[in-house]
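Notes follow the structure.
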Amino acid sequence: MGEDLLDTCLSDTKMLIFDESTQAMWAVIVHLVSGMKQLEKLLLTGDKHQLGVHLADFPTILQNGFGLESVLEQVECSKGVRYTFLTKCYRSHPKIVECISVAKYEPEEKLISGTSAEDRSLLTASKFPLPKQNVPIVLINSKAMCRQDPCGPSLTNDIHEDCAIMLVDSLLNEFGENILERTVVLCMYLYQAAELKAAFNRRGEYNGLQVVSVDAYQSQENDVVILITTRTRNRDEQVKMGMDFFKDDRRACVALTRARHAIFLIGDLVHVSEGQVWQKFIAKAIQSTSVVKEDYCAAVYYNDAERRADGELHGKFGSLVDSEFLREWQRTFGNGEANYEGNQENSINFSFAYAAHDQPGPSRPNVNVVDGRNGNVQNANRGGRVFVQGGGARGSYRGMAKNKRSQQ
């Protein structure tokens, strides 16, 4: 396409602006501009902290020194090229910008928010219950088991998938159908994205909602991001231990910088913090907000989350704050900057019921469910996926979900 343009509109071009240049090969750019005889200036824009050219599919011997690297990597080390840092970020809520800046850009390139909190207040100014209502960063700690794609190394996590579905449905309840086009579910792993897409397709009526991998979403943005990290310490025996893919700072930077108004981060937060960008982002975030348990998703979905006088969110069965996370974080990283303390005595005792058949069968027990939003009784075997209240006053959402799957 570029060569066709050289003979037409680009032939007399004197200045060329090339955006997202980290994803453009040096050899491609050189080939393009060499045919622009009138060119006087070339302006390359891009973020060296984000993903560059994907070279993994090329033979190793060709990955370095043959001009296939990002053009930005090449010109950065050239003494004849002038460059500048654009440090004002107009995309995200100021609180998100603060965390991103600490996570990857400081001290060399401290980011400054170019927009106000009021301009990015879709969730903070709504009735949607955030752990801290003025902070549009929701950290959901989930150590549920992940499993591996039987056909490859990619991963998925059923409980993380469930949490994402509940969050999307909760956003729908609060904001209506228009929120779907303003929301994206980002997955670190392709298998997770495929499984989640299939789940939404089975449920239907999610037109406009995007479910994509982090790598596929670079250079894009949306108002609300639900980010699923998938990998946990609790893993299927087939899951390999390697973390190199996950620890890639550039991939983490892309994942955490897509949101304008709010970001929901679902994951085993201590485990993912083995990556430096993840660790710094979470460390900064917990100075301003509380980490919550998986139960948060259920409580929000059923409109059970309420804020106590001390500002902490509670559900029917106790605090939604994951105080154990803070203790584990301090043991692992020695970071005591966060100062909240939750109540572990009870947790919301919800589970999922799955139904693949219209009629109850031996492997699909007949379960009647009371919908906490409207009091209606649903039958869990009529298709779809619904939260149901489990028995007993204690327990955990994750444990109940695991038990329910083992019964079906």
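Maximal additional length on extending the R202-S126 stretch stands at 24.4 nm, based on 0.36 nm per residue less the C-alpha distance.
Using a 1.4 Å probe and ignoring any ligands, DNA or RNA, find the accessible area of V28 and quote it in Å² to the nearest 10. Roughly 80 Å² of V28 is accessible to a 1.4 Å probe.
Peptides 249-257, 200-208, ordered by how many other C-beta atoms sit within 10 Å of their residues on average, highest first, read 249-257, 200-208. Remark: segment 148-158, residue by residue, has Karplus-estimated 3J(HN,Hα) of 9, 4, x, 9, x, x, 5, 10, 9, 9, 5 Hz, where x stands for each Gly or Pro and the curve is 6.51 cos²θ - 1.76 cosθ + 1.60 at θ = phi - 60°. A crude spin-label estimate for the pair A194 and K88, with each label 7 Å from Cα along the Cβ direction, gives 4.5 nm.
Largest first, the residues F264, F18 sort by 1.4 Å accessible area into F18, F264.
Size of segment 60-174 from its Cα atoms: along the principal axes, largest to smallest, the extents are 55, 46, 23 Å. Sorting the segments 294-306, 81-93 by their residues' average number of neighbouring beta-carbon atoms within 10 angstrom, most packed first, yields 294-306, 81-93.
Cα convex hull, segment 167-292: 118 Å³ per residue, rounded to a whole number.
For D149, the amide hydrogen comes within under 5 Å of the amide hydrogens of S154, L155, T156, counting only partners 5 or more places away or on other chains and with H modelled in the peptide plane.
Karplus-based coupling profile of segment 109-118, in residue order and whole Hz: 9, 4, 7, 10, 6, x, 9, 9, 4, 5, with θ = phi - 60° in 6.51 cos²θ - 1.76 cosθ + 1.60 and x standing for Gly or Pro.
Taken over segment 256-295, the ratio of Cα radius of gyration to 2.2 N^0.38 Å equals 1.16. Evaluating kT/(6 pi eta Rh) at 10 °C and 1.306 mPa s, with the Kirkwood radius of segment 94-141 over Cα pairs in the Stokes-Einstein relation, gives 134 µm² s⁻¹. Between D12 and A27, the modelled label-to-label distance comes to 3.4 nm, taking each label 7 Å out from Cα in the direction of the beta carbon. The ellipsoid equivalent to the alpha-carbon distribution of segment 112-186 has semi-axes of 29, 15, 13 angstrom, derived from the gyration tensor eigenvalues as √(5λ) and listed largest first.
Ranking R182, R258 from most to least accessible surface, computed with a 1.4 Å probe over the protein chains only, gives R182, R258.
The values are calculated or read from the model by the stated rules, or taken from the named source; none is laboratory data. Just so we're clear, the structure is a prediction, and the values are computed from it rather than from any experiment. Glycine gets a Cβ as well: all are built from the backbone with ideal geometry, and neighbour counts include every protein chain shown. Surface accessibility is based on the protein's heavy atoms, side chains included, excluding ligands, DNA and RNA. Shrake-Rupley method; radii C 1.70, N 1.55, O 1.52, S 1.80 Å.
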